[in-house]
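The values are calculated or read from the model by the stated rules, or taken from the named source; none is laboratory data. Because the structure is predicted, anything quoted here is derived from the model rather than measured. Glycine gets a Cβ as well: all are built from the backbone with ideal geometry, and neighbour counts include every protein chain shown.
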Amino acid sequence: MAKIVTSDYAQMLLNGVDNFTATYFSEVIGTVSHDTIGRSIANIKLSPKIVREKALELIIPSTNGYLAIDDTVMDKSSSEEIEVASAQYSGQKHGITTGIGVVTLVYINPELDKYWILDYRIYDKDNDGKKKTEHALEMIEYWQTMSELHPERAPFTTVLIDAGYTCKKIMQ
């Protein structure tokens, strides 16, 4: 394998558990250096649509499945050149930090005790005007429609949310 393509990178991210570095990726595939991987993935755009499509190929559905939504702030406090980094509250830091906010939706199969990332959104209110709760609602609505149109693909009975998402719109 001489070049890493979007589907290779997506596969690694979707199947990874706790290590998503180029070094780890190069160890797993064993034929490419981490420098080559770094150069290859620098130009990959892993859009939410690509993640959704790949996830549907990989998940093992459960009639008792559920969705979980949460967000994280990737700390970028030492960086001043990243456009989407902004001042946000970080639970990990217990305060305001400069970071990139990512809202993630995960599908959970409780029988297998496995989960897959189904969708994500980058929190960038300055450019798209959306709050994190609006991103969460968009993802829930998308997957609710998917479940109604294709009940066999990603059935779920429950949506688990962090208390920060308990606005009236989402609770309805």
Sole exception among (1) touching a residue at least 60 places away in the same chain (Cβ under 8 Å); (2) under 16 Å from the mean Cα position of the chain (by Cα); (3) closer than 21 Å to Thr63 by Cβ; (4) surrounded by 14 or more Cβ atoms within 10 Å (Cβ to Cβ) for Lys132, by number: (3)
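Take the residues in the range 59-73 that are of a type in the set (A, V, I, L, M, F, W, C) and buried (at least 16 other Cβ atoms within 10 Å of the Cβ); name whichever of them is nearest to Thr104 (Cα to Cα). Let's see the steps before the verdict.
Taking the range 59-73 first, the residues of a type in the set (A, V, I, L, M, F, W, C) are 59-60, 67-69, 73.
Applying the additional criterion that residues be buried (at least 16 other Cβ atoms within 10 Å of the Cβ) yields 59, 67-69, 73.
Working: Ile59: 16, Leu67: 10, Ala68: 8, Ile69: 6, Val73: 11 Å.
Going through the qualifying residues, I end up with Ile69.
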Criterion: polar (S, T, N, Q) and at pLDDT below 75 - qualifying residue of Ser26, Ser7: Ser7
Single unsatisfied condition, Val103 versus (1) closer than 26 Å to Ala55 by Cβ; (2) in contact with a Ser or Thr (Cβ under 8 Å, 6 or more places away or on another chain): (2)
Complete set of residues in the range 141-155 that are touching a Leu at 6+ places or on another chain (Cβ under 7 Å) and closer than 12 Å to Asp119 by Cα: Trp143
Helices (runs of 4 or more DSSP H) contained in the range 39-153 and holding at least 1 residues touching a Cys at 6+ places or on another chain (Cβ under 8 Å) and at pLDDT below 85: 132-149
